[in-house]
Amino acid sequence: MNLNENMTRSQKEYLVRLLENEDLPLIYNSDLEELKIPEYGRIIHQMVKLLKMIEDKEERNTFAREIIRVMGRKNPHLRDVSDFQHKLWDHLFIMAGFDLDVDSPFDKPTPEKIWFKPEKLPYPETGYKYRFYGKIIHKLIQLAVQWEEGELKDRLIRTIANHMKKNYLNWNRDHVDDEIIFQHLYELSGGKIDLKKETTELLDKSKLIRKRKKNHHKNGKHKNRHK
């Protein structure tokens, strides 16, 4: 009953009779049993309670299917989807406390399966020094350390150093001296890669950082102008 000024006379009379009854208990939601799945509302939960009290199994199965149909009304566009139907039946068993003897078209759930929590995924490794170079650079450095000495290893190290300079410039657009890259490479390799003693020169900033081309949209009226 809506308590507002537009109540009909019969509604007003009914309200007065209710209030005149001193033995009428006031029921608050906080005094009621907690709902297992609140989004279905108390009426559905009461229907599930009645379902469990039905002794005849055929009648119980019929009533269970009717409850599923009512539950599906909340999402009518998904009623005929198999996965959604499975979810509804799982919810029915949850509201029944998993103590329900009906013929479900799906495997009956158990508390262990429903409340199963997967193992936590390990967090990615952190703590890298100079993280702006990226995780791949750190792995490449460790790989280069393991290679045997030779031209191929030298080429890999120079390539890594140039990528480090490029990543550094992407992180900080200011100029960076090659000596800084060499020092960082020395530290990240645990002192096993030392370009500071060599005359190696890295690529220039202009070759590492490509300037974004400005898009000049020409107005169509300037093209194929006819007199």
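Here are a few things to note about the model shown:
- The set of residues in the stretch 121-133 being in a loop (DSSP other than H, G, I, E, B) and either modelled with pLDDT of 85 or more or not small (Gly, Ala, Ser) (or both) consists of Leu121, Pro122, Tyr123, Pro124, Glu125, Thr126, Tyr128, Lys129, Tyr130.
- Residue match in the stretch 158-175 (condition: at pLDDT below 90, surrounded by 13 or more Cβ atoms within 10 Å (Cβ to Cβ), part of a loop (DSSP other than H, G, I, E, B) and out of contact with any strand residue (DSSP E or B) (no Cβ under 8 Å at 6 or more places or on another chain)): no
- When residues in the stretch 189-205 are screened for being in a helix (DSSP H, G or I) and under 18 Å from Arg155 (Cα atoms), 0 of them pass.
- Neighbours by Cβ (under 9 Å, 6+ apart or cross-chain): first from the stretch 71-86, in the same structural domain as Met47 (by TED's automatic domain parsing) and basic (Lys, Arg); second assigned to a helix (DSSP H, G or I) and at pLDDT below 70: none
- Across the stretch 176-195, the number of residues qualifying as exposed (fewer than 12 other Cβ atoms within 10 Å of the Cβ) and more than 22 Å from Lys135 (Cβ to Cβ) comes to 2.
The values are calculated or read from the model by the stated rules, or taken from the named source; none is laboratory data. From a predicted model like this one, the values you see are computed outputs, not experimental measurements. FYI the Cβ positions are ideal-geometry reconstructions off the backbone, even for glycines, and counts take in every protein chain you see.
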